[in-house]
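Throughout, read-outs are computed from the coordinates displayed, never taken from laboratory work. Just so it is clear, the model here is predicted, and its values are computed rather than measured. Every residue, glycine among them, receives a Cβ derived from its backbone with ideal geometry; neighbour counts consider all protein chains shown.
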């Protein structure tokens, strides 16, 4: 029997950061690889119209060409991995199962394993203690209502929709906090054209991301595509009311209007603006949403994730052991 090297591949695509973890090998009959990942075809189908050269300033062409090449490489890698039926897939949402069937004809049973949250870092007590210092450092006035978005790839994360929604909310004292390491020039033009410079704050990522959550009043993530999306889940754990896209896997752990709000169409500017307005004007609803969201987030821990992953491995080993035993008994 050949030892198996089980690999979990975490793809934070489309930002393109990969982390691999080799887990302890166990003796089974054949090597098996397990994958957790995003699907680029789904993402590309959402943004392809906005990635045309003639719609991009000349100075942005080199970056756009680089993105296009990168996306094509990832599509090839994904297709090679996902169309191999010997590859056992572990997915982070039910929507991923449907997308893998649609794009790669993978209709075999798959395990859904939701990520865990570090509740020693992301919790309501932390948010309360950090709120004052965080808002002071970010120079947010006492009456300002801060909406936060965390993540790279502004096209996918819905930055344009957020900015257009903000334009419809000029009568409210809203500050939009965008936490990203990306170059902002491609979309900052929209900010200046609409006179939103005083309302939009571009912030650099920091290890203690909970500092930013503490300063905010609402998390808004109208993403076009996310296998799961950790930032809104972390924000929920901090007691922050969240608005998420129905195209993000995290929406599967949320009950719309109970412990979060789900934007059915991530391009619905009017709908997003209405949700933000309601959260601003209806404080009891905002408070209740944050409290219920924190309760929901408590269910998702890394301990739970580890136990469920262990159970998946044990089932795979059990099946393979049975296959080996059956093969041996059939040998003359």
message = Which log10 I(q)/I(0) values does the stretch 233-294 give at q = 0.12, 0.25 Å⁻¹ under the Debye formula, counting every alpha carbon as one identical point scatterer?
response = -0.25, -1.05
remark   = Between the modelled labels at residue 246 and residue 112 (7 Å from Cα along Cα→Cβ) the distance in nm is 1.6 nm
message = What distance in nm lies between label points placed 7 Å from Cα along the C-beta direction at residue 264 and residue 83?
response = 3.6 nm
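To the nearest 0.05, what FRET efficiency results for residue 278 and residue 193 with a Förster distance of 30 Å applied to their C-beta separation? Don't jump to the answer; show the numbers that get you there.
Details: r = 27 Å, r/R0 = 0.91.
Here the calculated transfer efficiency is 0.65.
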query = Each label point is 7 Å from the Cα along the Cα-to-Cβ direction; what then is the distance between the points at residue 94 and residue 291, in nm?
reply = 2.8 nm
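Using a Förster distance of 25 angstrom, determine the FRET efficiency expected from the C-beta separation of residue 72 and residue 101, and round it to 0.05. Show your work: numbers first, answer last.
Numbers: r = 22 Å, r/R0 = 0.90.
Efficiency, rounded to the nearest 0.05: 0.65.
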query = Taking a ≥ b ≥ c as the square roots of the eigenvalues of the Cα gyration tensor of the stretch 124-297, is the shape rounded (a/c under 1.5), prolate (a/b larger than b/c) or oblate?
reply = rounded
request  = Would you mind ranking 243, 253 by Cβ crowding within 10 Å, fewest neighbours first?
outcome  = 253, 243
query = Sorted by average packing, counted as other Cβ atoms within 10 angstrom per residue and highest first, what order do 266-274, 139-147 take?
reply = 266-274, 139-147
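Subtracting the Cα-Cα distance from 0.36 nm times the residue separation, let me have the gained length for residue 310 to residue 128 in nm, one decimal. Write out the running numbers ahead of the final one.
On the way: separation 182, 0.36 × 182 = 65.52 nm, distance 3.53 nm.
Answer, rounded to one decimal: 62.0 nm.
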